[in-house]
Amino acid sequence: MHIGIVGGGIIGLCSAYYLHKAGHTVTLFDQNPIADGCSFGNAGMIVPSHIIPLAQPGMIAKGMRWMLKSTSPFYVKPRLNLDLARWGWLFYRHANDAHVQRSIPVLRDLSLLSKTLYQDLAANGDLEFEWQERGLFMLYKTAAAEHEMAEEADVANQAGIEAVQLNGQQVQDREPNTRVDVRGGVFYPGDAHLNPNELISSLVTYLRREGVTLVENATVTGFGKTGTHIRSVQTAQGTYEVDKVVIAGGAWSPELARQLGLDLSLQGGKGYSFMVRNLVNNVRIPAIMLEARATATPMGADLRFAGTLEVAGTDMTVNMSRVRGIVQSINNYYPDIPVDLPPVERVWRGLRPCSPDGLPYIGRTNRYDNVVLATGHGMMGLSLGPATGKLVSEVAADSVNSLDISAFSPDRF
């Protein structure tokens with residue numbers, strides 16, 4: 001089949017990889033250069049530990065408190081927008097224990113499949129990228145956070161994801177090259193990390209070499225339809241006949257869905273990252289600094305810091321107050337790492353596509369017989385990319401899926 005993929009982030013690229021491997025002809029469309037996608041500046045963490053969805057008890061109360069502070073890690077930009085109001089209402093309805101318990105096994109299985117596929121990608125010779133299995137720290141400085149992380153560690157262990165609670169000295173013992181000032185942390189030895197810049201570049205190089213057509217700077221303007229069947233993808237550069245279509249447009253997926261007459265509840269969650277270069281005494285184990293909701297990921301001699309979740313539609317402007325919040329938090333945890341507020345031109349920003357229940361959209365929509373959706377992964381896009389791409393290739397071929405994907409139905413709301 002000739003399959004058109006709309007979206008050149010990690011989900012679109014992984015879908016192209018596995019569809020090509022399955023023997024299909026693939027054309028991938030993106031409105032920008034692919035290197036500008038949200039995945040490129042990602043924190044680079046592969047996190048089977050993240051089995052609790054963003055829609056969870058207490059998150060709304062936290063969000064209300066954080067919204068009052070300009071440097072806080074979470075912010076919803078107030079605006080009169082019916083899509084945002086519907087998203088907020090659906091988030092509220094799913095922020096409960098029952099939803100969390102239903103979500104844990106499906107997120108766990110999706111994440112573990114993705115890690116297994118990453119291990120294969122790192123070993124099979126198709127791609128070249130840094131792959132490290134050093135685990136992940138969830139670091140905290142307060143007794144309240146310690147209690148919260150102890151509960152999450154218990155949930156993880158019950159779900160079969162190993163989690164080890166450590167005191168401050170035990171964290172320091174595992175991080176010999178730089179000082180860590182924390183009360184303690186939870187260590188997830190099954191997590192991993194990679195360099196997303198290398199991964200994306202290597203995927204693009206491989207796909208081009210293998211004959212996959214990548215159409216960049218091509219905004220999709222519509223779709224040619226006959227009843228419930230999509231016949232073509234229409235762009236400013238021309239019309240492309242296709243047999244099937246994959247919508248993997250990240251935060252722009254609702255706009256693409258509207259062109260198909262679909263109502264997809266999804267909001268862009270803006271995040272920022274920047275690099276500290278050539279550290280002599282670098283962090284060894286990636287970490288999430290819990291109270292700050294910021295991350296630190298070693299990439300060779302460099303260290304990438306990332307953070308914030310700013311629900312602001314598709315607004316791509318840089319809010320330096322949020323970046324300042326990341327910078328201010330770092331030395332609270334790593335006091336010996338020199339970090340200054342970077343100039344705005346050195347701050348990368350990207351939009352994570354956030355569904356209201358914290359689960360991705362993967363699968364067919366009942367409206368069409370040849371459309372597959374693959375979006376809504378929130379902050380987990382890079383982590384879940386290979387599993388999603390593999391599932392997309394299976395759905396497109398009407399074959400048996402590696403996992404039960406009913407929880408990810410695009411028609412669930």
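The values are calculated or read from the model by the stated rules, or taken from the named source; none is laboratory data. This structure is a prediction, so every number in the text was calculated from the model and none was measured. Cβ coordinates were reconstructed from backbone atoms using ideal geometry, including for glycine residues, and neighbour counts include every protein chain displayed. The protein model used for the area step is the full one, side chains on, heavy atoms only, and it has no ligands, DNA or RNA in it. Shrake-Rupley method; radii C 1.70, N 1.55, O 1.52, S 1.80 Å.
Apolar share of the accessible surface for region 334-413: 48 percent from carbon plus sulfur atoms, 1.4 Å probe. Counted residue by residue at 0.36 nm each, then reduced by the alpha carbon distance between them, the extension gain from residue 128 to residue 82 reaches 12.2 nm. For Kirkwood radius over Cα pairs in Å, which listed value, (i) 22.1; (ii) 21.6; (iii) 23.4, comes from the coordinates shown? Of the labelled values, this structure produces (ii).
At an R0 of 25 angstrom, the distance between the Cβ atoms of residue 345 and residue 179 translates into a FRET efficiency of 0.25. Here the spin labels are modelled as points 7 Å beyond Cα on the Cα-Cβ line, and at residue 258 and residue 413 they lie 1.4 nm apart. Near residue 275, within a Cβ-to-Cβ distance under 9 Å, what is the net charge of the other residues, with Lys and Arg +1 and Asp and Glu -1? Here the charged neighbours net out to +2. When only Cα pairs below 8 angstrom with a gap of at least 6 residues are kept, the chain shows a relative contact order of 26 percent.
Compared with the direct C-alpha span, the chain from residue 328 to residue 225 gains 31.9 nm at full extension, assuming 0.36 nm per residue. Modelled spin labels at residue 315 and residue 25, positioned 7 Å past Cα toward Cβ, are 4.4 nm from each other.
Note on region 166-309: with neighbouring protein chains present and a 1.4 Å probe, carbon and sulfur make up 43 percent of its accessible heavy-atom surface.
Springs join every pair of Cα atoms under 10 Å in this Gaussian network model of the chain, and among 329, 49, 399 the largest mean-square fluctuation is at 399. Using a probe of 1.4 angstrom and keeping all protein chains present, the accessible surface of the chain works out to 40 square angstrom per residue. Centre-to-centre separation between the Cα atoms of region 177-246 and those of region 261-292: 18 Å. I want to verify a result. In a Gaussian network model of the chain, Cα cutoff 10 Å, which of these has the top mean-square fluctuation: 343, 48, 57? The residue with the greatest mean-square fluctuation here is 343.
Here the chain carries DSSP beta bridges of which approximately 70% are antiparallel, counting only pairs with both residues inside. With all pairs of different C-alpha atoms in the average, the Kirkwood value for the hydrodynamic radius of region 216-318 is 17.1 Å. Here the Gaussian network model covers the chain, with springs between Cα atoms less than 10 Å apart; of 220, 164, 26, 164 fluctuates the most. Taking every DSSP helix (H) stretch of at least 4 residues in the chain, weighting each as -39,500 (n - 2.57) and dividing the sum by the residue count yields a mean residue ellipticity at 222 nm of -10500 deg cm²/dmol. Mean Kyte-Doolittle hydropathy of 0.0 or higher plus an axial Cα length of 24 Å or more: which whole DSSP H helices in the chain meet both? Correct list, ordered by number: 97-123.
With the simple spin-label model, which puts each label point 7 Å out from Cα in the Cβ direction, the residue 164 to residue 370 separation comes to 5.3 nm. For region 277-413, the ratio of Cα radius of gyration to the globular rule of thumb 2.2 N^0.38 Å stands at 1.32.
Gain on full extension, evaluated as 0.36 nm per residue between residue 336 and residue 97 minus their Cα-Cα distance, stands at 82.1 nm.
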